[in-house]
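S.K.: Below you'll find the structure I mean.
The values are calculated or read from the model by the stated rules, or taken from the named source; none is laboratory data. These figures come from a predicted structure and were not determined experimentally. Quick reminder, even Gly has a Cβ in these numbers, built from the backbone with ideal geometry, and neighbours come from all protein chains shown.
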Amino acid sequence: MKKIALIGANGMLASALIRQLPAEYELLPYDLPEFDLTDREQVVALREQAPHIILNCAAYTNVDGCEKHRELAMRVNGEGPGLLAELALEVGAVLVHVSTDFVFSGDKQQPYQENDATGPLSVYGQSKQLGEQRILQSGLKSYFIVRTSWLYGADGNNFVETMIRLAKERDELKVVADQRGTPTWTDDLAQALFSLLLTEKYGIYHFSNSGDCSWFEFAAEIVNQLKEFEPVKVEKILPIPTEDYPLPATRPKYSVMSKDKIMAATAIRLTSWQQSLARYLYQRQIDRG
Ligand SMILES: NC(=O)c1ccc[n+]([C@@H]2O[C@H](COP(=O)([O-])OP(=O)(O)OC[C@H]3O[C@@H](n4cnc5c(N)ncnc54)[C@H](OP(=O)(O)O)[C@@H]3O)[C@@H](O)[C@H]2O)c1
């Protein structure tokens, strides 16, 4: 059995990883309040467990909150992954670290490649960029840094769940239409991470579902598909520009990522964002009885 230390084990992505954990792995879960990724002594103490794999899902993920709490963001998302890389070096483990499309500026009009220049627009993006840099600077060779985008799934606050709630509460929704990206279902990302672990092709990868959309198009699809399962109140969904929905953190206008590299390295098949959404809503219905 390979021991897998799962950091941030109570989060949304971690819950998908736990549900899909292949039988060959023994799970060692760590999260706040018992375990703090930014506490060097606590990280060093994981040596005793001698994990074969360290999978980091822990992050300060409140993008707008990061603007106010810069120091905390830099510590959790920036320095924390560096501590895990040091641990991985010491115990000879593989480190899997999850990063974000928000490391990019969004100036491109073609999907971002793994080696494209980063240029984060927000504190969250800067802190995640620092996390990547700390891993690269550590000297660790056995790492996977996997950037993903617009993540949703069971057991988490996310855009899909917000739209479902609002569609039942309101007659009209206004949703930003000038930011494009790709939604990602946590269950698909979990599969992709386990597939990567079967390879020794270490490095930086991108993973999301296939295709792309604006938040407005995503919201419209969520509501349309939801109607198959339950009644909604909303009658109108209106596209608005970013400036009509001001938020503390600036988001990239375009953050679609190329998945060519992960597809060449693994046997995974990409699912369109619409199809994965349908599978998620179906699964959600079953889970709720
Ligand atoms: N959500 C998205 O749309 C999105 C998009 C792209 C990339 N990502 C990346 O994907 C990964 C997983 O995201 P997610 O949405 O699953 O996150 P999540 O649900 O917010 O889970 C993160 C977990 O990490 C824990 N955590 C926070 N600070 C910690 C610390 N100092 N020590 C130990 N644990 C700590 C959190 O605990 P508390 O809840 O108690 O704080 C939470 O259980 C993250 O790296 C994120 O940056 C997410």
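S.K.: So PRO29 fits all but one of (1) within 23 Å of THR148 (Cβ to Cβ); (2) in contact (Cβ under 8 Å) with a residue 40 or more places away in the chain; (3) not aliphatic (A, V, I, L, M); what number is the exception?
M.R.: Looking at each condition in turn, PRO29 falls short on (2).
S.K.: With (1) farther than 17 Å from ALA265 by Cβ; (2) at pLDDT 95 or above as the list, and GLN109 as the residue in question, which single condition is left unmet?
M.R.: (2)
S.K.: Then there's this: Any chance you could count how many residues in region 41-61 are loosely packed, with under 15 Cβ neighbours inside 10 Å and within 21 Å of GLU132 (Cβ to Cβ)?
M.R.: The total comes to 0.
S.K.: Can I ask one more? How many of the residues in region 266-276 are part of a helix (DSSP H, G or I) and in contact with a strand residue (DSSP E or B) (Cβ under 7 Å, 6 or more places away or on another chain)? Before the answer, list the steps.
M.R.: Going residue by residue through region 266-276, those that are part of a helix (DSSP H, G or I) are 273-276.
If we keep only those that are in contact with a strand residue (DSSP E or B) (Cβ under 7 Å, 6 or more places away or on another chain) too, we end up with 273, 276.
Looking only at that region, the number is 2.
S.K.: Within region 90-112, can you find the residues that are in a helix (DSSP H, G or I), of a type in the set (A, V, I, L, M) and within 16 Å of the ligand (Cβ to nearest atom)?
M.R.: Initially, region 90-112 is screened for residues in a helix (DSSP H, G or I), giving 90-91, 101-103.
Filter again for of a type in the set (A, V, I, L, M), leaving 91, 103.
VAL103, the sole residue that qualifies.
S.K.: Taking LEU87, is it over 28 Å from SER276 (Cβ atoms), more than 11 Å from the ligand (Cβ to nearest atom) and hydrophobic (A, V, I, L, M, F, W, C)? Give the steps one after another, and end with the answer.
M.R.: On the way: over 28 Å from SER276 (Cβ atoms): yes; more than 11 Å from the ligand (Cβ to nearest atom): yes; hydrophobic (A, V, I, L, M, F, W, C): yes.
So LEU87 fits the description; yes.
S.K.: Which members of region 131-153 meet the condition of being touching a residue at least 60 places away in the same chain (Cβ under 8 Å), small (Gly, Ala, Ser) and away from the ligand (no atom under 11 Å from the Cβ)?
M.R.: SER142
S.K.: Related question: Considering region 155-192 alone, what residues qualify as being in a loop (DSSP other than H, G, I, E, B) and modelled with pLDDT of 95 or more?
M.R.: We begin by selecting, within region 155-192, every residue in a loop (DSSP other than H, G, I, E, B); these are 155-158, 170-171, 177-179, 182-183.
Residues satisfying the conditions are ASN158, ARG170, ASP171, ALA177, ASP178, GLN179, THR182, PRO183.
S.K.: Moving on. Would you check if GLU24 is within 15 Å of the ligand (Cβ to nearest atom), of a type in the set (Asp, Glu) and surrounded by fewer than 21 Cβ atoms within 10 Å (Cβ to Cβ)? Lay out the reasoning, then the answer.
M.R.: Working: within 15 Å of the ligand (Cβ to nearest atom): no; of a type in the set (Asp, Glu): yes; surrounded by fewer than 21 Cβ atoms within 10 Å (Cβ to Cβ): yes.
So GLU24 does not fit the description; no.
S.K.: Return a yes/no flag: does region 120-130 have any residue that is assigned to a helix (DSSP H, G or I) and away from the ligand (no atom under 16 Å from the Cβ). First the steps, then the outcome.
M.R.: Let us first name the residues in region 120-130 that are assigned to a helix (DSSP H, G or I), namely 123-130.
Checking the rest, the ones that are also away from the ligand (no atom under 16 Å from the Cβ) come to none.
No, because not a single residue in region 120-130 is assigned to a helix (DSSP H, G or I) and away from the ligand (no atom under 16 Å from the Cβ).
S.K.: Only one residue in SER208, SER195 is touching a helix residue (DSSP H, G or I) at 6+ places or on another chain (Cβ under 9 Å) and assigned to a loop (DSSP other than H, G, I, E, B). Which one? Talk me through it step by step, then tell me what you get.
M.R.: Numbers: SER195 fails: assigned to a loop (DSSP other than H, G, I, E, B).
Being touching a helix residue (DSSP H, G or I) at 6+ places or on another chain (Cβ under 9 Å) and assigned to a loop (DSSP other than H, G, I, E, B) holds for just one of SER208, SER195, which is SER208.
S.K.: Please verify whether region 93-106 includes one or more residues that are of a type outside the set (A, V, I, L, M), within 14 Å of the chain's Cα centre (by Cα) and within 30 Å of GLU48 (Cβ to Cβ). I'd like the intermediate steps shown before the answer.
M.R.: To start, the set of residues in region 93-106 that are of a type outside the set (A, V, I, L, M) comprises 97, 99-102, 104-106.
Adding the requirement that they be within 14 Å of the chain's Cα centre (by Cα) leaves 97, 99-102.
Imposing the further condition that a residue be within 30 Å of GLU48 (Cβ to Cβ) reduces the set to 97, 99.
Yes - at least one qualifying residue is present in region 93-106.
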